[in-house]
Ligand code: HEC
């Protein structure tokens, strides 16, 4: 009995823990999540693409450099990385919708 109750408790905790991830996957990121994505862009992406996204180990992510590139394709690169290059996959940290949001924002000139 006690064991069954603690299992239900564990499931409830899991559901509570997963809810934000599911919510993030469902639509455009919340304002709070957007702030977290900007932080990721500066701290993680910036380490390769440059603090100002002008490029470093990775290419520039400024709008001029991304012009003519489809944001869906860029989102795929962000999610899955580029095999054989240092560009890692981000699908553990980011939902597909968040990757698309980042790709669109990069193309329109977001500054981290
Ligand atoms: C460890 C270094 C590294 C990190 C960290 C990194 N990238 Fe990259 N990224 C690269 C490299 C290198 C390439 C070029 C891959 C190739 O040669 O095609 C690339 C390519 C890209 C491209 C394709 C650019 C184009 O013009 O086609 C996008 C978009 C991109 N990265 C976004 C991101 C984002 C967003 C993050 C953070 C969530 C990130 N990268 C983190 C190294 C990195």
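At-a-glance table
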| read-out | value |
| --- | --- |
| Close pairs from the stretch 26-37: first part of a loop (DSSP other than H, G, I, E, B), partner surrounded by 12 or more Cβ atoms within 10 Å (Cβ to Cβ) and at pLDDT 95 or above, Cβ under 8 Å, at least 6 apart | 27/97; 28/97; 28/101; 29/37; 29/97; 29/98; 29/101 |
| So residue 51, is it more than 13 Å from the chain's Cα centre (by Cα) and near the ligand (Cβ under 10 Å from one of its atoms) | no |
| Qualifying residue in the stretch 69-76 (condition: within 10 Å of the ligand (Cβ to nearest atom), touching a helix residue (DSSP H, G or I) at 6+ places or on another chain (Cβ under 9 Å), in contact (Cβ under 8 Å) with a residue 40 or more places away in the chain and closer than 24 Å to residue 30 by Cα) | no |
| Subset of the stretch 68-96 (residues that are within 14 Å of the chain's Cα centre (by Cα) and assigned to a helix (DSSP H, G or I)) | 71, 72, 74, 75, 76, 77, 78, 79, 80, 96 |
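The values are calculated or read from the model by the stated rules, or taken from the named source; none is laboratory data. Model, not experiment: these values are computed from the prediction. Quick reminder, even Gly has a Cβ in these numbers, built from the backbone with ideal geometry, and neighbours come from all protein chains shown.
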